[in-house]
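Structure first, then comments.
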Amino acid sequence: MSGQAKALIFDLDGVVVFTDKYHYLGWKKLADENGWSFDEEFNNNLRGVSRMKSLELMLEHNGLDLPEDEKNRLADRKNEYYKELLQRINESDLYPGAVGFVKKVRERGLKTALASSSKNAQAVLVALDLEPLFDAVVTGNDITLSKPDPEIFLLAAKKLGMKPEDCVVFEDAGSGVEAAHRAGMRAVGVGPVETVGAAEIVMQDYAELDLENVLSGA
Ligand code: B16
Ligand code: MG
């Protein structure tokens, strides 16, 4: 990438809202019901990964292979648990400083997009009144390939009318950082180095993030 970035693309779960916690609790309930091994460390592999792919990774982790209809039933059940948890979502679930940071970016005249693998992303945006923060929204309903495929970020750039090299992606998933790089974009990793260490900038606190560094890649 060369020059100043013109647009920032934000993942949702784990970057703007702590819905990653609710995805974890949904999978945990399903795993406990079925006697599968599952913990927070393994859950890190599911960040940014689609619902069905997440289930398949969990089954593989437990040495299981199930027929398609059974997998669909289990994936639907996890989604019901997740949607139940979403009913209580409120402002306390927002990643501290994220909304203020996005507003600051927009006041600078930069474009912003939301790019989430979640098919529930739109419902979360509406529940927390986040839609006005983004010029474009891409969710799991708009893509066919899961991160680390770059499809989601390339589509977000296209919707913004931006070239990939003019975009920077904010991600909490290792698969998301890889997807950004494969799209030809720089990445800001939100979370620990063990998970997002491949990103050009790694941070956990929006208040400490220097926007100029994000834009220039310094
Ligand atoms: P759903 P993101 C991702 O959202 C989550 O990180 C991942 O845990 C989840 O499995 C995926 O969305 C699909 O979500 O089951 O609601 O369609 O991090 O890309 O915003
Ligand atoms: Mg995420």
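The values are calculated or read from the model by the stated rules, or taken from the named source; none is laboratory data. Keep in mind it's a predicted model, so treat the numbers as computed, not measured. A quick note on method: Cβ atoms are made from the backbone with ideal geometry, for glycine too, and the neighbour counts reach across all protein chains shown. These area figures cover heavy atoms from the full protein model, side chains too; ligands, DNA and RNA do not enter into them. Shrake-Rupley method; radii C 1.70, N 1.55, O 1.52, S 1.80 Å.
Restricting 78, 71 to residues that are surrounded by 13 or more Cβ atoms within 10 Å (Cβ to Cβ) and within 22 Å of the chain's Cα centre (by Cα) narrows the list to 78. With respect to the conditions (1) more than 14 Å from the chain's Cα centre (by Cα); (2) of a type in the set (Lys, Arg); (3) within 16 Å of ligand 2 (Cβ to nearest atom), residue 119 lacks only one, and its number is (1).
When the stretch 81-102 is filtered for residues that are in a helix (DSSP H, G or I) and surrounded by 13 or more Cβ atoms within 10 Å (Cβ to Cβ), the ones remaining, listed by number, are 81, 82, 83, 84, 85, 86, 93, 98, 99, 101, 102. Residues in the stretch 17-55 that are more than 8 Å from ligand 1 (Cβ to nearest atom) and over 24 Å from residue 65 (Cβ atoms): 17, 18, 21, 22, 25, 40. Within the stretch 14-26, residues that are of a type in the set (D, E, K, R) sit with their Cβ atoms under 6 Å from residues that are at pLDDT below 95 and near ligand 1 (Cβ under 8 Å from one of its atoms), at 6+ positions apart or across chains, in these pairs: 20/13; 20/14. Please indicate, with yes or no, whether at least one residue in the stretch 114-134 is under 26 Å from residue 75 (Cβ atoms), assigned to a helix (DSSP H, G or I), hydrophobic (A, V, I, L, M, F, W, C) and in contact with a Pro (Cβ under 9 Å, 6 or more places away or on another chain). No, because not a single residue in the stretch 114-134 is under 26 Å from residue 75 (Cβ atoms), assigned to a helix (DSSP H, G or I), hydrophobic (A, V, I, L, M, F, W, C) and in contact with a Pro (Cβ under 9 Å, 6 or more places away or on another chain). Residues that are more than 9 Å from ligand 1 (Cβ to nearest atom), open to solvent by less than 10 Å² (accessible area, probe 1.4 Å) and either part of a helix (DSSP H, G or I) or more than 17 Å from residue 18 (Cα to Cα) (or both) within the stretch 169-182 comprise 169, 177, 179, 180, listed in sequence order.
Looking across the stretch 18-41, the residues that are touching a helix residue (DSSP H, G or I) at 6+ places or on another chain (Cβ under 7 Å), within 16 Å of ligand 2 (Cβ to nearest atom) and either in the same structural domain as residue 124 (by TED's automatic domain parsing) or not aliphatic (A, V, I, L, M) (or both) come down to 18, 19, 22, 23, 24, 26, 27, 40.
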